[in-house]
1. In the structure displayed, which of Lys60/Lys369; Lys60/Lys145; Lys50/Lys369 lie more than 31 Å apart, Cα to Cα?
2. Principal axes first, then extents: for the Cα atoms of the range 168-279, list largest minus smallest coordinate on each axis, whole Å, largest first.
3. Per residue of the range 222-236, what does 6.51 cos²θ - 1.76 cosθ + 1.60 with θ = phi - 60° give for ³J(HN,Hα)? Whole Hz please, x for Gly and Pro, Karplus curve as stated.
4. Among Gly316, Gly120, Gly243, determine the one that fluctuates most according to a GNM of the chain built with springs between C-alpha atoms less than 10 Å apart.
5. Å³ per residue of the Cα convex hull, for the chain?
6. Considering only protein heavy atoms and a 1.4 Å probe, what is the carbon-and-sulfur percentage of the accessible area of the chain?
7. Only four residue types carry charge here, +1 at the Cβ of Lys and Arg and -1 at the Cβ of Asp and Glu. Report the dipole size of the chain about the Cα centre in Debye, rounded to the nearest 20.
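The values are calculated or read from the model by the stated rules, or taken from the named source; none is laboratory data. Just so we're clear, the structure is a prediction, and the values are computed from it rather than from any experiment. Methodologically, a virtual Cβ is constructed for each residue, glycine included, from the backbone with ideal geometry; neighbour enumeration extends over all protein chains shown. Note: areas computed on protein heavy atoms with side chains; ligands, DNA, RNA excluded. Shrake-Rupley method; radii C 1.70, N 1.55, O 1.52, S 1.80 Å.
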Amino acid sequence: MEALVRDLAPQVLGVLVRRGADFAAAEDAVQEALVEAVRRWPDDPPADPKPWLITVAWRKFIDASRRESARRTREERIHDEPAPGPAEEHDDTLQLLFLCCHPALTPASAVALTLRAVGGLTTAQIADAYLVPEPTMGQRISRAKRTVADAGVGAPGDLSRVLKVLYLVFNEGYSGDVDLAAEAIRLTRMLMRASDEPEVAGLLALMLLHHARRTARWTADGALVPLAEQDRSLWDTALIAEGVEILQAALAKDRLGEYQCQAAIAALHCDARSTEETDWTQVLEWYDELVSLTDSPVVALNRAVAVGEADGPLAGLRALQEVPADVPRRTAVEAWLHERAGDVAIAATLYAQAASAARSTAERDHLTKQAARLRHG
């Protein structure tokens, strides 16, 4: 096995360098991937070693690059700005966070202003993360500042709005040289230190549990990997353990909220060794709790998936009838349930329809492949 790893190392290194990685950094990333391979392969060898090594090495390189970027940013801030006293900085930052989530702002404007004023990101970084021109993002932030000034500082956003904005930031993930998910986790940690509200802890737990699976969500060439097909050995067990511990402490306060419910569902997925071993009955119970707390059609859609896993595809299709037709990804779920029920022709057609309405290239490509698989399978 070690000989195979050594033989593949130059090929993996070449792939990283062709993708734009600095040679020295790429070498370090490949070495870390080789260590992971030697540790994991004896018990769980991959079907195709080279793509496995490329995926792990590329993720190691990305993580190292982000850490280095964050370190430089911190050093520049320390160099350029005198540090205020610890208590004053804490209080001012939290007050600023709530003001950036002012009820007079749209969610998009609140997110941009939060990243600029609280996160300390530059306008260029935020524009790059949201794939818009820098002048456009600059105007959005300026308008948000004027809106807050005109509305007055007496009505900052409430806690539920702040949590919603932080979750929106988290769901943007990683774009350009900014890791928005990590930034959202940092801000939520700060908020949890100042608040004993269990929903704050629930949101942090939810973020950590999702963040722990990020390495396995994409292939080396950027293709989407569904949960059922992910290499769970790539999940970050330390983050999972932290998320579960935070969630358990929040649930013990017996003030259930939607973020705690979502985190409980994520924890059940992280606890299972495979999709088949997931406790779908308990997942469905948590979705029932979530439905009682929110009338979100997205929650109803995800519940239909859980029904399909727990009670069978026909039951899932009946649950899906309660979900409005215009909910994103509804057609994809319908296709999956029909496939599980054996209606292959219907499923292939629905997968193709879902692909045409996909919101990202990765999602569109994945659904297109599903349609082709059924048509030519």
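1. Lys60/Lys145
2. Its Cα atoms span 42, 37, 21 Å along the three principal axes.
3. These are the phi-based 3J(HN,Hα) values: x, 7, 6, 10, x, 3, 5, 9, 6, 7, 5, 5, 8, 5, 7 Hz.
4. The residue that fluctuates most here is Gly120.
5. 171 Å³
6. Solvent-exposed carbon and sulfur of the chain make up 52 percent of the total.
7. Using only the charged Cβ atoms, the result is roughly 980 debye.
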